[in-house]
Amino acid sequence: MTLTSTPTTLVADAPTLTADASPLATAHSQLTRVVAHLGYDEGLHQMLATPRRETHVAVPLRRDSGETVLFHGFRVQHNVSRGPGKGGLRYHPSVDIDEVRALAMWMTWKCGIVDLPYGGAKGGIGIDPREYSAAELERVTRRYTSEIMPVIGPDTDIMAPDMGTDAQTMAWVMDTYSVNRGFTIPAVVTGKPLAVGGSLGRGTATSAGIVHVTAAALKEADVPLSEVSVAIQGFGKVGGHAATIFADRGARVVAVSDQYGGVRAADGLDVPRLQQHVEATGSVVGFDDADPITNAELLALDVDVLVPAALEGVLDESTAPAVRARWVVEGANGPTTARGDQILADNGVIVVPDVLANAGGVVVSYFEWVQANQTYWWSEQEIAEKLARRMSSAYADVSALARRDGISLRDAALVIGVQRTAEAHETRGLYP
Ligand SMILES: NC(=O)C1=CN([C@@H]2O[C@H](COP(=O)(O)OP(=O)(O)OC[C@H]3O[C@@H](n4cnc5c(N)ncnc54)[C@H](OP(=O)(O)O)[C@@H]3O)[C@@H](O)[C@H]2O)C=CC1
Ligand SMILES: O=C(O)CCC(=O)C(=O)O
């Protein structure tokens, strides 16, 4: 398991979530706006707002100590009109059915925006993975997979890593599913290790996509990527690789954070050295040649680009007014609440929305699934080129629609995702 255990000297930063930050409230409010823009009736609105299927399972764990603990696990298939459900599996203490519903809905729109033959799904377990050994996490993952076996599969619902899970987690899911079916079925999950049919480029795909859309947004203002400063909240699979790729492309990464706090260096952080520090200590906190900052301070830094790449709801009515970045590129799912979004728009901040900005992950997941189904693998360069084309084309479509209709990039992205989903419903004859 690559997740490090909690360093004993670190104290988690105060959570920034406030009352209007519920992910499901945010997702519903976004859908309501877009349905009004598209002029859909209430029946279609309700169909789009309601998950097709929700699975709630009890996941008991016998701890290494012999004690038994129980977790709640979920898998929500929000929509399957365009193809199988697709979306990550999250391990985090805040996971509950409403959060998973919101994340599943965002997956539906995301897959529509980048035109993948998928619907949207998401799963999660309310567990803090840092508190459990690798053996315990393996048992939890295998039990969860056994419980949801009837509703997942390479043609029905395909999982991938999200917060708190990784390639190893996907290998356990794949193995449990395959052993139960009697033969190896690599296409039941994506984001798995190369040794069991993973794809080159999946580990960095979400972050690479974030950098592609950032470059595209900057280009519209004639600003080169090599001239901007960037602050990134979250230094996990998405934020950590994004820091590396931004730095490799010449941008100045001036601040990063994790759940314990952040670090800042006005001239730019030495990202490779920072990665080594995190591998050794489990946190960005304590990195030398940098000043400590809190997560709240990071969100308010005077930078060109702010990338929230951790939790939902961090840019809300209390934090959004302090944002000084000109661009917010949403690496996380749902980092901005409806009120936060309005405040950013009023202040002239350009928001590249999650469903577009972080879609690189699911795009390369799709490539992984295609490769697994055809049992023929592509080179890293082929994948990088296909990803770049898909992200550039999605950004261009969204930006053109935003200009044409005089709406935000978020609304334009959601209009495309929602419209493609509704069209599939109606064409299949499922629309009542
Ligand atoms: N992985 C993927 O391919 C994709 C992920 N996403 C989204 O990106 C976001 C991050 O996912 P991912 O990088 O995979 O998850 P990881 O678990 O790999 O990393 C999460 C990061 O967020 C940090 N974090 C957790 N809580 C807080 C907090 N309260 N304040 C600040 N930072 C915090 C973690 O800190 P610490 O290390 O200290 O725990 C860690 O650095 C999520 O919203 C996810 O849904 C979206 C598309 C695809
Ligand atoms: O790669 C995938 O299938 C989905 C990743 C994910 O969970 C997300 O995009 O939010």
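The values are calculated or read from the model by the stated rules, or taken from the named source; none is laboratory data. Keep in mind that this is a model prediction, so the values were computed, not measured. Neighbour counts run over all protein chains shown; Cβ positions are idealised from the backbone, glycine included.
Within the range 192-210, can you find the residues that are within 15 Å of ligand 2 (Cβ to nearest atom) and part of a helix (DSSP H, G or I)?
Scanning the range 192-210 gives ARG202, GLY203, THR204, ALA205, THR206, SER207, ALA208, GLY209, ILE210.
Counting only residues that are under 23 Å from LYS110 (Cα atoms) and of a type in the set (Gly, Ala, Ser), how many does the range 19-66 have?
The total comes to 9.
Considering VAL189, VAL213, VAL256, which residue is within 20 Å of HIS92 (Cβ to Cβ), within 15 Å of ligand 2 (Cβ to nearest atom) and surrounded by 23 or more Cβ atoms within 10 Å (Cβ to Cβ)?
On the way: VAL213 fails: within 20 Å of HIS92 (Cβ to Cβ); VAL256 fails: within 15 Å of ligand 2 (Cβ to nearest atom).
Among VAL189, VAL213, VAL256, only VAL189 is within 20 Å of HIS92 (Cβ to Cβ), within 15 Å of ligand 2 (Cβ to nearest atom) and surrounded by 23 or more Cβ atoms within 10 Å (Cβ to Cβ).
One line per residue, one yes/no per condition, for (1) in contact with a helix residue (DSSP H, G or I) (Cβ under 7 Å, 6 or more places away or on another chain); (2) among the aliphatic types (A, V, I, L, M); (3) modelled with pLDDT under 95:
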{"position": "VAL307", "(1), (2), (3)": "yes, yes, no"}
{"position": "GLU317", "(1), (2), (3)": "yes, no, no"}
{"position": "ALA320", "(1), (2), (3)": "yes, yes, no"}
{"position": "VAL328", "(1), (2), (3)": "yes, yes, no"}
{"position": "VAL349", "(1), (2), (3)": "no, yes, no"}
{"position": "VAL352", "(1), (2), (3)": "yes, yes, no"}
{"position": "ASN358", "(1), (2), (3)": "yes, no, no"}
{"position": "GLU368", "(1), (2), (3)": "yes, no, no"}
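Tell me, which residue of the range 325-350 that is crowded, with 24+ Cβ neighbours inside 10 Å and more than 20 Å from LEU24 (Cβ to Cβ) is nearest to ligand 1 (Cβ to nearest atom)?
If we take residues in the range 325-350 being crowded, with 24+ Cβ neighbours inside 10 Å and more than 20 Å from LEU24 (Cβ to Cβ), then GLY331 is nearest to ligand 1 (Cβ to nearest atom).
I'm trying to understand the selection: among the residues of the range 293-316, which are in contact with a Gly (Cβ under 6 Å, 6 or more places away or on another chain) and more than 13 Å from ligand 1 (Cβ to nearest atom)?
The answer is ASP316, and nothing else.
How many of the residues in the range 223-272 are within 11 Å of ligand 1 (Cβ to nearest atom) and in a loop (DSSP other than H, G, I, E, B)?
Kept after step one, since they are within 11 Å of ligand 1 (Cβ to nearest atom), are these residues of the range 223-272: 232-243, 256-262.
Next, only the ones that are in a loop (DSSP other than H, G, I, E, B) stay: 234-236, 259-260.
Of the residues in the range 223-272, 5 are within 11 Å of ligand 1 (Cβ to nearest atom) and in a loop (DSSP other than H, G, I, E, B).
State whether one or more residues within the range 157-172 are more than 13 Å from ligand 1 (Cβ to nearest atom) and part of a helix (DSSP H, G or I). So that I can check it myself, show each step before the final result.
Step one: of the range 157-172, the residues more than 13 Å from ligand 1 (Cβ to nearest atom) are 157-158, 171-172.
Narrowing the set further to residues that are part of a helix (DSSP H, G or I) leaves 171-172.
The answer is yes, given that some residue of the range 157-172 is more than 13 Å from ligand 1 (Cβ to nearest atom) and part of a helix (DSSP H, G or I).
Conditions tested, residue by residue: (1) of a type in the set (S, T, N, Q); (2) touching a residue at least 40 places away in the same chain (Cβ under 8 Å); (3) under 30 Å from VAL323 (Cβ atoms).
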| residue | (1), (2), (3) |
| --- | --- |
| ALA357 | no, yes, yes |
| VAL364 | no, yes, yes |
| ASN373 | yes, yes, no |
| TRP378 | no, yes, no |
| LYS386 | no, no, no |
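Restricting the search to the range 61-79, which residues are in contact (Cβ under 8 Å) with a residue 60 or more places away in the chain and either part of a strand (DSSP E or B) or on the phi > 0 side of the Ramachandran plot (or both)? Full working, then the answer.
Just the residues of the range 61-79 that are in contact (Cβ under 8 Å) with a residue 60 or more places away in the chain, to begin with: 61-64, 71, 73, 75, 77, 79.
Those that are in contact (Cβ under 8 Å) with a residue 60 or more places away in the chain and either part of a strand (DSSP E or B) or on the phi > 0 side of the Ramachandran plot (or both): LEU61, ARG62, PHE71, GLY73, ARG75, GLN77, ASN79.
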